[in-house]
Structure formats: structure tokens, C-alpha cells
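Below is one structure, written out as C-alpha cells, with a few remarks after it.
The values are calculated or read from the model by the stated rules, or taken from the named source; none is laboratory data. Just so it is clear, the model here is predicted, and its values are computed rather than measured. All Cβ positions, even for glycine, are placed from backbone atoms using ideal geometry, and neighbour counts span all protein chains on display.
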């Protein structure tokens, strides 16, 4: 039977073959045309099982891309809540299931699935931070009112980017957000942008075998284990495995692996420019660092809450503490 150590060696070998390097980044892409704000039923061709219970799975049309899926449960009262998941080889709205289950029926709740993930279309197109932000802005347009947004990991960068140009995003709660690590110099940013494109060009020809390794059940189990102190929930592994095996599932993750979904200096270009109240929930995280979190905490309207004994997914391991911090933030 394969061990985690053997899987790690296999992943490292695949990464070295492609010259894989995390931490690369690229700046903003060109703005997209305004998205359709007419909600539509989820694309009937989807074979992806539902990630969330209750409500309705729907989709909106994003010009130049295709269908972007979201879950909608408009019951309850108060400002609508929008949940957004992280980005990885098997990302989906299932990552936000504990929060969806907690708030559905008490306040209107929506859960977006980023382009290229979950039940959204997965075409062979260029995936950029701006594409992701435009998807969130389009969903806010569908909802048609002020919203509170929760972001997870790299999804936090997309949420912050959207908030800078969408005034109906009235608050951001960011769970273990990326983009708070050490800054790069301007010359390093330009160099990294060039390298990320070169890396994508090297990854693309071997995308099928590389992604085949990354999406294996043992690999998914291993990477999820780095975000949990205790056992990884089997239902999360099961759903991640299923969603990673859909047609076109490799395309968006290849842009992620090559660094092109990151903003070069997310703190400077995104988080430091926020004018809405923003909360960061954090503790340990194997994939991101928080060197500039003290700077973030000094911004007007910013709050920082540590959820101890967690590794990046506190909504799963410390649900009560996570919900209490969110509720306190939204009611202050």
C-alpha cells in the first residue's frame, strides 16, 4: 500500500519535472465585459453532484467565459451572505459547507463556485484574478443588494479585488487569506510575472499526467491533511475526488500552479486599499504566511481574530469559534 511519504515523493518528482514553484504571481488581467445579471438554472449538462444541501443550484452567464455556478437559499432575513471557496486542484463550494449549513434559513445565503471549479464551466481559457473577481461582481449583480462576503485562502484575494470596485460588497471576512506574506520588489514582481507564464507553458504539455497525479485520492487526502489538525473528514475527501475528475478540471488548476492566479503584492494592491470593514481569521497554515497581518490590523475597520489549533480550515475544525467570530464581526 502506498504511503503518504511515497505520494509526497511522487508529487515532488512531478513538480520538479515541470519546474513547479509556488509563490509566483501575476498582476491584473484585462477587465471583462459586464456579466449577465439574469440568473439561470444550472447548466443541464453538469455531471457534478451538488456540493451543498438545500436551496437551489443556479448559474449566471459570464461573457467570454460561460456558466458560473452558485448556490442560492434566499430564506431568512438580513443582509445576504456570499460564501466563496479556495483555489486548489479540487476546490468547490463544499469547502464552505459548515457555514452554509449554519446560516441557510436564517439569512439569505449564496455560495459561488469560481470559474473552472465545482459546477462552473471549465473551458480551456486564460484564468486570471480579474476573471474570478468579475464572477463575484456578477453574482452580486444577480442578488441586487448589499452583501457580506466570506473568502477562503486565495479566494480572499479575489473577494478583495471585487470589493474595490463593487460598492454593494459591504464587508469582507477572510479565512486564512493568501497575500499577507513578505512583499517583493518591483523588479522581482516583473521577473515573477514572466516566470509564471514560462512555467505555465511548461506545465501545459504535461497537464494531463501532472494533474492525474495531483487529483489522485491519496494526493487529495495528503494535501487536505496539511489543513487539518485532526482527521480529514471523509465526505470532504470524497467530494474533492469527484469534482476533480470532471471534464476540463485541469485547466484552472494549471494557472494556479503556475502562479497566475495570485496578485504580485496582494497586501499593497488589494488589502491595503479596502475601505469596507474586513475581518481576518487565522492561525497556522501550511500554504500561506501572515507576515504583514500586523499592518493589516492597523487599518481602519480591520479586525484580526486568531482561531487557535487550526491549520487553514477553521470552519471545519473549530466551527463554534469561527461562527462566533463571524457573528461578532457582522453585528458590531
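Values for this structure:
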read-out	value
Residue count, segment 143-187 (criterion: modelled with pLDDT under 95 and not in a loop (DSSP other than H, G, I, E, B))	2
Selection count, segment 244-266, where residues are outside any loop (DSSP other than H, G, I, E, B) and either closer than 17 Å to residue 124 by Cβ or at pLDDT below 95 (or both)	7
Residue in segment 321-331 that is modelled with pLDDT of 95 or more and in a loop (DSSP other than H, G, I, E, B) present	no
Selected residue (criterion: farthest from the chain's Cα centre (by Cα)) from residues of segment 300-320 that are in a loop (DSSP other than H, G, I, E, B) and farther than 12 Å from residue 280 by Cα	300
Any hit, segment 59-67, residues being part of a helix (DSSP H, G or I), farther than 28 Å from residue 217 by Cβ and free of Cβ contacts under 8 Å to residues at least 60 places away in the same chain	no
Filter pass, residue 246 being touching a residue at least 12 places away in the same chain (Cβ under 8 Å) and within 14 Å of residue 118 (Cβ to Cβ)	yes
Filter result for residue 146 (surrounded by fewer than 22 Cβ atoms within 10 Å (Cβ to Cβ), over 20 Å from residue 269 (Cβ atoms), touching a residue at least 40 places away in the same chain (Cβ under 8 Å) and out of contact with any strand residue (DSSP E or B) (no Cβ under 9 Å at 6 or more places or on another chain))	no
Checking residue 202 against (1) surrounded by fewer than 23 Cβ atoms within 10 Å (Cβ to Cβ); (2) in a helix (DSSP H, G or I); (3) at pLDDT 75 or above; (4) in contact with a helix residue (DSSP H, G or I) (Cβ under 6 Å, 6 or more places away or on another chain), the condition it does not meet	(3)
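Per-residue answers, yes or no, for (1) in a loop (DSSP other than H, G, I, E, B); (2) touching a residue at least 12 places away in the same chain (Cβ under 8 Å); (3) crowded, with 24+ Cβ neighbours inside 10 Å; (4) more than 13 Å from the chain's Cα centre (by Cα):
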site	(1), (2), (3), (4)
83	no, yes, yes, no
88	yes, yes, no, no
91	yes, yes, yes, no
101	no, yes, no, yes
111	no, yes, yes, no
114	yes, yes, yes, no
122	yes, yes, no, yes
132	no, yes, yes, no
135	no, yes, yes, no
